[in-house]
Amino acid sequence: MHSLKRLRITNAGVLQLLKHAVNSALVGSDSNVFSRSQQPFQLFCRSAALHHNRQQHHQAVNDLDQTECRNSLISGMDLLFYTITEGKEMISVSQFVSALKSTGLWTSDPRLRDCMRHLRLAMRESGGTVMVDQKLFRKCVGANILLLTQAFRRKFIIPDFEVFASNMDQLYYSTQRQEGGHVADYIPQLAKFSPNLWGVSLCTVDGQRHSAGDTKVPFCLQSCVKPLEYAIAVHEIGTEHVHRYVGKEPSGLNSLHSVNTKLLQHKNTVLKGFPSSSSLQPNSNKAERFDYVMEYLKKMAGTEYVGFSNATFQSEKETGDRNFAIGYYLKEKKCFPENADMIAALDFYFQLCSIEVTCESGCVMAATLANGGICPITGERVLSAEAVRNTLSLMHSCGMYDFSGQFAFHVGLPAKSGVSGAVLLVVPNIMGIMCWSPPLDRVGNSVRGIHFCQNKSVVNLMFAAYSGDVSALRRFALLAVDMEEKDYDSRTGLHVASAEVFQHFFITAYIALSIRWGNTPLDDARQFGRDGVVSVLTEYQQMYLCSNGSQSKTEDQRKLDSEGCGLS
């Protein structure tokens with residue numbers, strides 16, 4: 001099967017088809033050869049001439065393998081082509097790109113580099129309008145057949161991405177109206193940002209992307225770098241060593257009092273990342289350590305924008321008196337690794353806080369955490385599973401300053417905020433999100449970012465209902481999530497579940513909730529032809545009404561009352 005390895009085909013379905021074709025060819029080629037191959041001793045005694053003939057036969061089989069594989073691969077590409085073109089013989093490049101974007105894939109995706117290169121080359125050679133026919137399509141998608149097949153067959157984590165993106169846009173514009181908060185001014189460079197800036201970007205574990213608002217404006221990570229820095233440290237030097245110096249409890253306000261009250265228990269500080277990071281490459285200088293972390297962050301971002309603001313770095317150093325005071329206090333209490341340079345560690349910390357990203361690159365970093373340490377748009381493993389697990393645990397319990405407990409209770413997702421207005425949000429196994437809006441609330445979290453994340457819990461609920469993830473629904477219920485939360489159309493998770501999968505959801509939600517068009521979940525189930533769901537909902541509705549009496553009833557309720565409960 002050497003030809004299969006040379007072709008580097010990764011589509012499991014296509015690969016199985018090719019193996020079957022090759023095996024069939026082998027069986028029909030020379031049955032005597034296969035009977036001989038089961039008699040090693042007799043083969044060992046054959047003449048050199050027979051050995052030569054066998055080599056010729058194997059070469060012929062390999063040639064046949066290549067031909068069968070190539071033909072099957074071309075058939076798979078042609079099928080995908082007609083799926084995209086809806087049966088047409090050719091489409092324009094713009095139509096192909098639009099179809100691609102509808103799946104959530106961007107043309108800048110590193111996995112599509114060869115595909116986009118062939119399209120640009122064709123456009124440059126033609127000097128005008130280019131139509132994508134079967135020949136050009138085969139050339140473009142040959143290296144991406146698995147990815148594009150998954151995309152257009154809706155096998156990604158979010159199958160109907162356009163609808164999902166529309167919902168995210170609604171949340172974005174709803175959150176944009178939020179007022180209040182103040183831009184951080186204790187670091188002068190941060191005070192220069194407009195309070196009207198607001199952007200949200202997301203990236204799923206399959207590399208589907210969506211952005212809304214000011215998502216290309218660079219901003220500093222500030223404290224959002226801490227979980228990333230921590231993950232790198234655990235990945236490189238292990239959990240045990242890192243937690244000799246880093247606690248597991250939220251540090252709250254950046255003050256000597258908060259440090260002193262927690263110090264004896266867990267040696268914890270609001271600067272919790274820098275002692276362990278200063279231990280990375282202990283024999284290297286500051287520049288080498290900084291470059292080392294930057295390379296990791298670029299890999300997490302899929303080589304998208306990661307920069308550095310020297311102005312912010314200088315501003316941090318000039319106004320960091322409190323951090324220096326805490327640093328000297330920790331040094332006195334021997335909280336640093338042996339022989340560590342506290343001033344150098346603080347400089348390194350200020351540098352890392354001054355690393356710049358955009359919402360678009362930051363969401364890929366979050367998606368790498370959501371994807372278990374593998375960057376979704378490059379496929380490269382950047383962090384170990386252990387590092388990701390520990391990082392998400394700390395983000396869930398410590399990531400939002402003094403709001404961490406409430407955020408964990410109401411949103412229930414790992415997140416980290418920074419005083420630049422950034423919020424890094426991870427939905428494990430689904431997506432990463434980066435929100436950014438400079439105005440902060442009294443505890444240092446982005447006002448719009450918090451509001452968006454709280455609304456994001458509605459999307460999570462809807463997504464779990466859509467996909468039939470009963471475990472997630474039960475987890476939301478245990479976390480005291482309001483199971484009757486509504487989206488912008490007043491649609492509840494029960495409406496979605498009734499139209500799609502409906503498993504156990506009706507136990508936790510009121511049966512007669514209606515959306516803005518007046519439909520109940522029972523109406524949606526009927527509309528989508530879910531007869532089994534209609535039966536269960538009708539039975540449950542009858543039980544519910546019999547046990548709770550009659551108040552304001554729909555026509556269905558009154559009918560059930562008269563037929564099932566005998567109520568007027």
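By how many nm would the segment from Ser174 to Arg113 grow when fully extended, if each residue of separation counts as 0.36 nm and the alpha-carbon distance is taken off?
Gain in length upon complete extension: 18.4 nm.
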Size of electric dipole in the stretch 153-232: Cβ of Lys, Arg +1 and of Asp, Glu -1, about Cα centre, debye, nearest 20: 240
Protein accessible area in the stretch 346-435, 1.4 Å probe - carbon and sulfur %: 53
Listed residue pairs exceeding 25 Å between alpha carbons, taken from Lys226/Lys334; Lys286/Lys317; Lys299/Lys334; Lys139/Lys299; Lys248/Lys334; Lys155/Lys226: Lys299/Lys334; Lys139/Lys299; Lys155/Lys226
FRET E, pair Tyr329, Glu380, Förster distance 51 Å, beta-carbon r, rounded to 0.05: 0.80
Inter-site label distance for Val217 and Asp185 at 7 Å from Cα along Cβ, in nm: 1.8
Farthest toward positive dipole pole in the stretch 118-223 [+1 Lys/Arg, -1 Asp/Glu at C-beta], among Ala165, Ser223, Gln134: Gln134
Label-point gap, in nm, between Thr319 and Asp160 - each point 7 angstrom along Cα→Cβ: 4.7
Extension gain from Tyr540 to Asp341, taking 0.36 nm per residue of separation minus the Cα-Cα distance: 64.9 nm
Fraction of accessible area attributable to carbon and sulfur, the stretch 167-223 (%, probe 1.4 Å): 48
Estimated vicinal HN-Hα couplings, Hz - the stretch 328-344 in sequence order (Karplus 6.51, -1.76, 1.60; Gly, Pro = x): 5, 5, 5, 5, 4, 8, 6, 8, 8, x, 4, 6, 6, 8, 5, 5, 5
Simple label model, 7 Å out from Cα along Cβ direction - Tyr292 to Arg153, nm: 4.4
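The values are calculated or read from the model by the stated rules, or taken from the named source; none is laboratory data. Note that the structure is predicted; figures quoted are calculated from it, not measured. A quick note on method: Cβ atoms are made from the backbone with ideal geometry, for glycine too, and the neighbour counts reach across all protein chains shown. Please note that ligands, DNA and RNA were not included when accessible areas were found on the heavy atoms of the full protein model with its side chains. Shrake-Rupley method; radii C 1.70, N 1.55, O 1.52, S 1.80 Å.
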